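For reference, the structure discussed in these notes is given below.
The values are calculated or read from the model by the stated rules, or taken from the named source; none is laboratory data. No experiment lies behind these values; they were computed from the predicted model shown. Because the Cβ atoms are built from the backbone with ideal geometry, glycine has one as well, and the counts that use them run over all protein chains shown.
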Amino acid sequence: MTPSDPVPAPKRDHYSYAHYANPAVAEGFDALRFSGDVGRFLLEEQARLLEAALDPSPARRILDVGTGTGRAAIGLARRGARVTGLDASIEMIGVARVRAADAGVRIPFAVADAHALPLPDRSVDAAVSLRVIMHALDWRRCIAELCRVSRWRVVVDFPSSRSFAAIESAVRRRRLARGEKVEAYRVLSVREVSEAFAAGGFRIVDVRRQFVLPIALHKRIDRFGATLACERVLAALGALRVFGSPVTVVAER
């Protein structure tokens, strides 16, 4: 099997391409996503999860699809893995290269589309793709590509269809339909994602949920101690298991 056909050029005006083809967005992405105590907590939790799921030893070949500014790729490379980072945005790749150089790690970064990965079947041990399928034109096709190129495991994340994110997603999609420029991301269920992985010969072996209340709300409050205390109470009441988001899943062949 060879890589899938590339996404048709007319689709390149979709926000998932156009928004990130912007130097200002690329430069400001990390500050927006990982600023403050809550943002740093998210980054640390992501690193811990990826280390546990992917065992980034020197023998491990890992592909980071939708690498963005390279945060996940850099973390895995620091732990010894042989990492390649791909992203559809040359602007994001530019930032990733600078960050990797500053971190003292060697990572080959290249521009590529998650819908049509330029790699042979089972050419890497594992693939990770964070904050991608929520935005992609065809999320099932993206998962199929991740499964195609991976020999062992795939890690993806997404906002849950049973979380507060579902409300924001619906609002943004209505705004997009009115012609506004907005990141109208989708929400998904574990069942839907599990079915997509099953079609690629993978099964989900781990599911992690991060917060019950919206991350944006925690950032706005900006009291990390209150965030942890509140979320621990909600988790003890069983709300995290049902409504937690974003969801990160580990799938295995």
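List the helices (runs of 4 or more DSSP H) inside the range 134-206, counting only whole elements, that have at least 2 residues being in contact (Cβ under 8 Å) with a residue 60 or more places away in the chain, of a type outside the set (A, V, I, L, M) and buried (at least 17 other Cβ atoms within 10 Å of the Cβ). Explain how you work it out, then say what you get.
On the way: elements: 139-149, 165-177, 190-199.
By residue number, 139-149.
Pairs please, first residue from the range 43-55 and in contact (Cβ under 8 Å) with a residue 40 or more places away in the chain, second anywhere and in a helix (DSSP H, G or I), Cβ atoms under 7 Å, 6+ apart in sequence or on different chains.
GLN46/ALA72; LEU50/ALA72; LEU50/GLY75; LEU50/LEU76; LEU54/LEU76
Look through the range 64-77, keep the residues that are touching a residue at least 40 places away in the same chain (Cβ under 8 Å) and touching a Gly at 6+ places or on another chain (Cβ under 8 Å), and return whichever of them is farthest from ASP125 (Cα to Cα).
Applying the first criterion (touching a residue at least 40 places away in the same chain (Cβ under 8 Å)) to the range 64-77 yields 64-69, 71-72, 76.
When the remaining residues are screened for being touching a Gly at 6+ places or on another chain (Cβ under 8 Å), the result is 64, 67.
Details: ASP64: 11, THR67: 17 Å.
Ranking the qualifying residues of the range 64-77, first place goes to THR67.
VAL83 versus (1) in contact with a Lys or Arg (Cβ under 7 Å, 6 or more places away or on another chain); (2) modelled with pLDDT of 80 or more; (3) not in a helix (DSSP H, G or I): which is the lone unmet condition?
Every listed condition holds for VAL83 apart from (1).
Out of the residues in the range 153-199 that are more than 17 Å from the chain's Cα centre (by Cα) and acidic (Asp, Glu), state the one that is farthest from LEU130 (Cα to Cα).
Here the answer is GLU180.
Name, by its number, the condition in (1) farther than 15 Å from TYR20 by Cβ; (2) surrounded by fewer than 23 Cβ atoms within 10 Å (Cβ to Cβ) that does not hold for VAL83.
Here VAL83 clears every test but (2).
All but one of (1) surrounded by fewer than 22 Cβ atoms within 10 Å (Cβ to Cβ); (2) modelled with pLDDT of 90 or more; (3) at positive phi hold for GLU51; which doesn't?
(3)
What's the number of the only condition in (1) buried (at least 17 other Cβ atoms within 10 Å of the Cβ); (2) modelled with pLDDT of 95 or more; (3) under 24 Å from ILE167 (Cα atoms); (4) of a type in the set (A, V, I, L, M, F, W, C) that LEU213 fails to meet?
Condition (2) is where LEU213 drops out.
Being of a type in the set (Val, Ile, Thr), within 27 Å of GLU51 (Cβ to Cβ) and without any contact (Cβ under 8 Å) to a residue 60 or more places away in the chain, is that true of even one residue in the range 218-231? I'd like the intermediate steps shown before the answer.
Initially, the range 218-231 is screened for residues of a type in the set (Val, Ile, Thr), giving 221, 227.
Narrowing the set further to residues that are within 27 Å of GLU51 (Cβ to Cβ) leaves 227.
Then keep just the ones that are without any contact (Cβ under 8 Å) to a residue 60 or more places away in the chain; that gives none.
Within the range 218-231, not a single residue is of a type in the set (Val, Ile, Thr), within 27 Å of GLU51 (Cβ to Cβ) and without any contact (Cβ under 8 Å) to a residue 60 or more places away in the chain.
If I ask for residues that are among the aliphatic types (A, V, I, L, M) and not in a strand (DSSP E or B), which ones from the range 231-253 would you list?
Of the range 231-253, the ones among the aliphatic types (A, V, I, L, M) are 233-237, 239-240, 242, 247, 249-251.
Selection gives VAL233, LEU234, ALA235, ALA236, LEU237, ALA239, LEU240, VAL242.
Filtering the range 1-20 down to residues that are exposed (fewer than 15 other Cβ atoms within 10 Å of the Cβ) and either at pLDDT 70 or above or under 21 Å from ALA72 (Cβ atoms) (or both), which residue is nearest to the chain's Cα centre (by Cα)?
Filtering the range 1-20 for residues that are exposed (fewer than 15 other Cβ atoms within 10 Å of the Cβ) and either at pLDDT 70 or above or under 21 Å from ALA72 (Cβ atoms) (or both), the one nearest to the chain's Cα centre (by Cα) comes out as HIS19.
Restricting attention to the range 87-109, which residues are under 17 Å from ASN22 (Cα atoms) and part of a strand (DSSP E or B)? Talk me through it step by step, then tell me what you get.
Residues of the range 87-109 under 17 Å from ASN22 (Cα atoms): 87-98.
ASP87, the sole residue that qualifies.
Which of the residues belonging to the range 207-217 are β-branched (Val, Ile, Thr) and assigned to a helix (DSSP H, G or I)?
Of the range 207-217, the ones β-branched (Val, Ile, Thr) are 207, 212, 215.
Passing the criteria: only ILE215.
Within the range 92-102, track down each residue that is touching a residue at least 40 places away in the same chain (Cβ under 8 Å) and touching a Phe, Trp or Tyr at 6+ places or on another chain (Cβ under 7 Å).
Selection gives MET92 alone.
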